[in-house]
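Encoded as structure tokens, the structure appears first; notes follow it.
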Amino acid sequence: MPAAARTVVFEPLFRKSSQCLYVDPFAPGAAQQIREFRPAVIAGTLQKILAFGGELRPTHAVVAFSWEGSRCLSESERDDLWEAYHVPVFEQVITPDGRLVAWECEAHEGLHLPNGAQAMADRIVVGRCDCGADSPRVIRPSMAPQLNGERGQPTLLLPARLGSGRQPLPT
Ligand SMILES: [Zn+2]
């Protein structure tokens, strides 16, 4: 595993490994615990990521979770994340139990939808994305897509692997 995969995640939904550390962001000493882990990526909901006010230094990316069927990241929220961390932001839509509903790839051309996911009110684009994936996408969605009865394991995509779409964090 490359060092670029070291990930701190603020939701206790995903399997743990030597490369993936769960931290409760509101626990005493959380910031120090994270700094000692030297993450390339931090992943969590907007509120939890911003709870640190930029005092963390992920080297690679921020993965911002949105919950299925709720509001997506706004442009100003993306700006807040950039101001705090100065690394690319990738939105990933998950269910409350951590299953993947949609993801933003390195081309940042909307949210990719896996089989079984559906966007409600937003326009869906089909055709090849600049990342090379062919899955349908929803461009600048206002509401996060939802899963339609699909079953699967909790899945955390790492940004370096987002282009290939379906490779979860190895554990
Ligand atoms: Zn793409």
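Per residue, the average separation of C-alpha pairs within less than 8 Å and at least 6 apart gives the range 6-54 a relative contact order of 44 percent. So if the hydrodynamic radius of the range 1-106 is defined as the Kirkwood radius over C-alpha pairs, what does Stokes-Einstein give as its diffusion coefficient at 10 °C and 1.306 mPa s, in µm² per second? Translational diffusion coefficient: 115 µm²/s. Could you list the residues of the range 1-42 with an amide nitrogen less than 17 Å from a label point located 7 Å from the Cα of Ser70 in the Cα-to-C-beta direction? Residues passing the 17 Å test: 9-14, 24-26.
Computed from Cα positions, the angle between helix 75-85 and the longest principal axis of the chain comes to roughly 30 degrees. Extension gain for Arg35 to Ala107 (0.36 nm times residue separation, less C-alpha to C-alpha distance): 23.1 nm. Ordering Met120, Gly44, Leu81 by the projection of their Cα atoms onto the charge dipole of the chain, which places +1 on the Cβ of Lys and Arg and -1 on the Cβ of Asp and Glu, puts Gly44 at the extreme positive end.
With both labels modelled 7 Å from their Cα along Cα-to-Cβ, the Gln47 to Asp134 distance reads 4.1 nm. Using C-alpha pairs below 8 Å separated by at least 6 residues, the relative contact order for the range 14-84 is 27 percent.
Place a +1 charge on the Cβ of each Lys and Arg in the chain and a -1 charge on the Cβ of each Asp and Glu, then give the dipole magnitude about the Cα centre in debye, rounded to the nearest 20.
The dipole of the chain has a size of about 500 debye.
For the peptides 80-87, 103-110, the ranking by packing is 103-110, 80-87, with the highest mean count of neighbouring Cβ atoms within 10 Å listed first. What fraction of the DSSP beta bridges in the chain is antiparallel, stated in percent and rounded to the nearest 5? Around 45 percent of the beta bridges assigned by DSSP in the chain are antiparallel ones.
Bear in mind that the values in this text are calculations on the coordinates, not laboratory data. Remember, it's a predicted structure, so these values are computed and weren't measured experimentally. Note: ideal-geometry Cβ built from the backbone for every residue, glycine included; neighbour counts use all protein chains shown.
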